[in-house]
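Working notes, structure below.
No value in this document is a laboratory result; all are computed from the given coordinates. A quick note: this is a predicted structure, and the numbers were derived from the prediction, not measured. Because the Cβ atoms are built from the backbone with ideal geometry, glycine has one as well, and the counts that use them run over all protein chains shown.
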Amino acid sequence: MHIAFAILAILALSLPAAASDEDLTAILEARCPDGQAANDYEFWEFIANNAVRTADAYAVERNPMATFVHADVDVVFQIGGEHAGGYLVKLLSTTPTGTAFAMLRPNFNFCADPSQLDDEREDLFTVVAAKLNGRPF
């Protein structure tokens, strides 16, 4: 019984504090207006392809067993954590070597039409997390 209480106490201390209503309001106000996020525009497919190439280049240097060439691309808005109030691009790829996962932070205004961006630029995204079979690299 005492062990259970000790575990609960440790868990409570390790959890981040809940955001205040003001913080949550500010975070939610950072969302793009409907239809104005980069992934709402036609040119997004080229920018998404840039994210895939960026993650693949990252993997080549750090874990060549991970590949993102055929990754599913999804956009997520962060409500909590280090990137709260921002958008991240999530890549998920199932390959013969396992499951590769990457999160990338856009280095451009995500609440705008991306058609003015050069999709060949290598600095459009920064990889903030990458894993192969659950192991970071």
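So here's what we get for this one:
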quantity	calculated
Which of L92, G80, N63, positive extreme of dipole for the chain (C-beta unit charges)	N63
About the Cα centre, charge dipole magnitude for the chain (Lys/Arg +1, Asp/Glu -1 at Cβ), debye	800
Degrees separating the helix 2-14 axis from the principal Cα axis of the chain, which is the longest one	40
Extension reserve of the H70-E45 stretch, reckoned as 0.36 nm per residue once the Cα distance is removed	7.7 nm
Per-residue [θ]222 nm for the chain (sum of -39500 (n - 2.57) over DSSP H runs n ≥ 4, rounded to 500)	-9500 deg cm²/dmol
Between 0 and 90°, nearest 10: helix 44-62 axis offset from the chain longest Cα axis	70
Extension gain (nm, one decimal) between S20 and R121, 0.36 nm per residue minus Cα-Cα	32.5 nm
Inter-probe distance in nm under a simple model that places probes 7 Å from Cα toward Cβ, at R62 and K131	1.3
Value of Rg to Rh for the chain (Rh from inverse mean 1/r over Cα pairs, i.e. Kirkwood)	1.07
